[in-house]
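The structure appears below as structure tokens.
The values are calculated or read from the model by the stated rules, or taken from the named source; none is laboratory data. Please read these numbers as outputs of a predicted model, since none were measured by experiment. Glycine also receives a Cβ, built like all others from the backbone with ideal geometry; neighbour counts cover every protein chain displayed.
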Amino acid sequence: MDFVVSARKYRPQVFDTVVGQSSVTDTLSHAIASGQLAQAYLFCGPRGVGKTTCARIFAKEINKKNAESAADYAFNIFELDAASNNSVEDIRQLIDQVRIAPQEGKYKVYIIDEVHMLSQAAFNAFLKTLEEPPAHAIFILATTEKHKIIPTILSRCQVFDFQRISVKDMALHLRGIAEKENVQAEDEALHLIAEKADGGLRDALSLFDQMASACQGKITYTATIARLHVLDYNYYFKTLELANAEDISALFLLLEEIIAKGFDGHQFLSGLAQHLRNLLLAKDSKTLALISVSESVLDTYKKQAEMFAVPFIFHALDELSQADVQYKTSKNQRLLLELALLKLASIGQYLEKKKS
């Protein structure tokens, strides 16, 4: 049997299976149930968060509810990729189709993906139809760049903003797919894949497929950080431990090890600042939920957070923030990193002197 990528195989077919967009899917479901349908919708948000998927489900559900027979409702759904069909002529062909009433069901639904790619002339040609569409036509526009949509189009659409999918929701979804595919996967590895995807479920599923293939069905944390070239959490924990012990030599050797593994110095700097931010959140049970890591890593954060007072974390974040600003313009970036580590190691002494 031919391999089917997870993003296609597990594409949601109903609203209940859409990940991380409950506010959007609930509103659309209520609109269908009540029959209060607008004639134009605009779905905005980052790539891979479910805009086109929700548009297809919405289009299908509209026709299932309103079609006299459920057999041919799929023929009432038309998709246009504006990235490759963005001319006036393409829009004119679409307008000609819109005039024709559906043979089955009540609505014809037109999904225009990446609508911001339409030329100015194409937008203008489309505007009249969008302003006064036939009663049987519903338009669903999808875009990753809402700011490029002209105001006259925006004003004629119900706008839905799709959110980046949280690491927790994404990791949970990946866990479900791993079980269906009989793939053994460590929680830390799935969280790492979810973090690397940066809010896009399609990217997460692509990385999952990559790791499942590379690891032959057993995805481990160690293999994931190696193949995705991600810096291990333990490096950040160790950096703070050495800074607390004021062990400058060990800090410099640790930095050398990180750079020798091919990691960018700025990446380490940003990651260390994120680590300190997580330590700050870990000091209060109310903010623990804001740390997007697995349970085992979260426990480690709690333990290390007990080692550091809030003033230490504030000073450390301030030093790293300054180093981050200076990094790109620095002529000796390695020295800048070492200086930042020196300052971290000296915060304890500074705070002691300030007390006395």
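Every residue, every condition in (1) surrounded by fewer than 14 Cβ atoms within 10 Å (Cβ to Cβ); (2) over 28 Å from the mean Cα position of the chain (by Cα), yes or no:
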{"residue": "273", "(1), (2)": "no, no"}
{"residue": "291", "(1), (2)": "no, no"}
{"residue": "303", "(1), (2)": "yes, yes"}
{"residue": "307", "(1), (2)": "yes, yes"}
{"residue": "323", "(1), (2)": "no, no"}
{"residue": "329", "(1), (2)": "yes, yes"}
{"residue": "336", "(1), (2)": "no, yes"}
{"residue": "343", "(1), (2)": "no, yes"}
{"residue": "352", "(1), (2)": "yes, yes"}
**Message:** Every residue in the stretch 80-97 that is surrounded by 13 or more Cβ atoms within 10 Å (Cβ to Cβ) and outside any helix (DSSP H, G or I), please.
**Reply:** 80, 81, 82, 85, 86, 87
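Please go through the stretch 119-142 and pick out each residue that is under 17 Å from residue 38 (Cβ atoms) and outside any helix (DSSP H, G or I). Break it down into steps so the answer makes sense when it comes.
Narrowing the stretch 119-142 to residues under 17 Å from residue 38 (Cβ atoms): 126-127, 129-142.
Within the stretch 119-142, 132, 133, 134, 135, 136, 137, 138, 139, 140, 141, 142 qualify.
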**Prompt:** Taking only pairs six or more apart or across chains, which ones have beta-carbon atoms under 6 Å, a first residue in the stretch 37-63 that is more than 21 Å from residue 129 (Cβ to Cβ), and a second residue that is in a helix (DSSP H, G or I) and aromatic (Phe, Trp, Tyr)?
**Reply:** 57/15
**Request:** Mind counting the residues in the stretch 101-117 that are in contact with a helix residue (DSSP H, G or I) (Cβ under 7 Å, 6 or more places away or on another chain) and either outside the structural domain of residue 78 (by TED's automatic domain parsing) or among the charged types (D, E, K, R) (or both)?
**Result:** 4
**Request:** Starting from the stretch 300-322, keep only residues that are in the same structural domain as residue 241 (by TED's automatic domain parsing) and over 16 Å from residue 233 (Cβ atoms), then list their pairs with residues that are assigned to a loop (DSSP other than H, G, I, E, B) and of a type outside the set (Ser, Thr, Tyr) whose Cβ atoms are within a distance under 7 Å, requiring at least 6 positions of separation or different chains.
**Result:** 310/283
**Single residue of 135, 194 found to be among the aliphatic types (A, V, I, L, M) and outside the structural domain of residue 35 (by TED's automatic domain parsing)** = 194
**Complete:** Within the stretch 196-228, residues among the hydroxyl-bearing types (Ser, Thr, Tyr), closer than 26 Å to residue 17 by Cβ and more than 19 Å from the chain's Cα centre (by Cα) come out as 213
**Request:** Determine which member of the set 302, 238, 261 is out of contact with any Phe, Trp or Tyr (no Cβ under 9 Å at 6 or more places or on another chain), of a type outside the set (S, T, N, Q) and closer than 23 Å to residue 330 by Cα.
**Result:** 261
**Every pair of residues 6+ apart whose Cβ atoms lie under 8 Å, when the first sits in the stretch 255-270 and is more than 15 Å from residue 336 (Cβ to Cβ) while the second is exposed (fewer than 15 other Cβ atoms within 10 Å of the Cβ)** = 262/229; 263/229
**Request:** Could you look through the stretch 199-219, keep only residues that are in contact (Cβ under 8 Å) with a residue 60 or more places away in the chain and part of a loop (DSSP other than H, G, I, E, B), and pick out the one that is surrounded by the most Cβ atoms within 10 Å (Cβ to Cβ)?
**Result:** 199
**Asked** Of everything in the stretch 226-252 that's aliphatic (A, V, I, L, M) and part of a helix (DSSP H, G or I), which residue is nearest to residue 294 (Cα to Cα)?
**Response** 226
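Report yes if residue 114 is surrounded by 15 or more Cβ atoms within 10 Å (Cβ to Cβ) and of a type in the set (Asp, Glu), otherwise no.
Values: surrounded by 15 or more Cβ atoms within 10 Å (Cβ to Cβ): yes; of a type in the set (Asp, Glu): yes.
Yes.
Yes/no matrix, rows are residues, columns are (1) farther than 20 Å from residue 293 by Cβ; (2) surrounded by fewer than 21 Cβ atoms within 10 Å (Cβ to Cβ); (3) under 20 Å from the mean Cα position of the chain (by Cα); (4) modelled with pLDDT under 85:
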| site | (1), (2), (3), (4) |
| --- | --- |
| 146 | yes, yes, yes, no |
| 152 | yes, yes, no, yes |
| 159 | yes, yes, yes, no |
| 164 | no, yes, yes, no |
| 167 | no, no, yes, yes |
| 174 | no, no, yes, no |
| 182 | yes, yes, no, no |
| 187 | no, yes, yes, no |
| 194 | no, no, yes, no |
